[in-house]
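One structure is given here, and the rest of the page talks about it.
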Amino acid sequence: MSKNKFLLDTLKYVFFFSVGILLFIWVYKGQNLGDIWDGLARFHYGWIAVSFVAMIFSHLFRAMRWRMLIESIGYKPGLLNTFLSILVMYLANYAFPRLGEVTRCGILKRYEGVPFTSQLGTVLVERIVDVIFLLFLLSMVLLFNWDILSSLISHDKGAMTSKISFIQSPIFLLAIGLFFLAFAVIYVYRKQLLKLPAILKMLSYAGKFTEGLKSVFRLKNPVGFVLLTIAIYGCYYLGTLSVFKAFAPTADLSLMVALSVLAMGSIGMVLPVPGGIGTFHWFAMNTLLLYSVSRPDAQLVTLVLHGSTTLFIILIGAVALGVLPIVNKKKKIITTE
């Protein structure tokens, strides 16, 4: 990695982390630390334990689903290593957004010999499927709760007008012109470019990456893949519902409220903020406020939803990281692509 890229990545990390922290401070402004501590004592932690069990199963189902994609490109990693790599992935993502995706691929390459680049294709397929399913959840939630949740969505006509003006601006038209000029130059000199060692190397990686993308079309059990996807989000939903049940002010909220918080909170988690700190809290708390939950109670539930998940992921991720070398001590470590 070049120094410039490292600096850029570091600046992006600091920026998004700062945004998350500022949002977190805004969400909990005016809250007394003693009141929060007293509020946490009101939770029934047996239900929190249920949410942990649901979380473990969601990770197991995700490992099984990813393993299906990898098997479709001709490799069969062990379920245990795949599961442990998923646990480490979540731990790494809390340290740096998207680092976990690279980490889990590195683990299976190291211990199972699955080519790194091919795995990246399957990871992208997974993320695309997750986004599609999340959009489906959001659609269902908005469809049945439009009158409530639509207030979280901006309808700024001025912003739309400014976008249209930008598209018509000379800068945008110049950028489009340069794009087509670059495309024309590449097309004219394509034969010479294809002989360059760097281009040949890139094409080699691209082929392996595309192989991973095609994995979804080679699934032996597509129905099982869909069912595992539903099971993953079913576990997420059960975890959210369990935290609601653990707290008297939210214990009697409808099933749809839990689904709404899951869907809207997931938006905060997919944003490039480490661990969804701040962004998750903002979306989840404001969703609860729309359902007439008091602000102090909404703050507490949101804090427990995110905090318990974070602590649990750090714990089991660290355990998985320590267990991996032990369960693979007799295996030969793969160091080449």
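Can you tell me the Rg and the Dmax, both Å, for the Cα atoms in region 1-85?
20.8, 56
So, how do all the Cα-to-Cα distances of region 64-133 break down into 5 Å bins, in percent, from 0 on up?
Distribution as computed: 4, 18, 31, 28, 15, 4, 0 percent.
I need the phi-derived Karplus couplings for region 318-326: 6.51 cos²θ - 1.76 cosθ + 1.60, θ = phi - 60°, integer Hz, Gly and Pro marked x.
So the Karplus estimates, Gly and Pro as x, are 5, 4, 4, 4, x, 6, 3, x, 6 Hz.
Ratio of alpha-carbon Rg to the 2.2 N^0.38 Å globular estimate for region 249-337, to two decimals, please.
1.51
For the ranges 291-302, 24-35, 47-58, 311-322, what's the packing order if you count other beta-carbon atoms within 10 Å of each residue, average per peptide, and put the highest first?
Those peptides, ordered most packed to least, come out 291-302, 47-58, 311-322, 24-35.
Sort 239-250, 95-106 for me by packing, meaning the mean count of neighbouring Cβ atoms within 10 Å per residue, highest on top.
239-250, 95-106
Stokes-Einstein at 4 °C, 1.567 mPa s, Kirkwood radius from Cα pairs: D for region 1-142 in µm² s⁻¹?
It diffuses with D of about 71 µm²/s by this estimate.
Among Y94, A63, V53, which residue has its Cα furthest toward the positive end of the charge dipole of region 22-105, with +1 on Lys/Arg Cβ and -1 on Asp/Glu Cβ?
The Cα lying farthest towards the positive end belongs to A63.
Tell me which residues come under 5 Å, amide H to amide H, from G113 once H is placed; ignore anything under 5 positions away on its chain.
I334
FYI, it's all coordinate maths here, none of it is from the lab. The shown structure was predicted, so the numbers you read here are calculated from the model rather than taken from an experiment. FYI the Cβ positions are ideal-geometry reconstructions off the backbone, even for glycines, and counts take in every protein chain you see.
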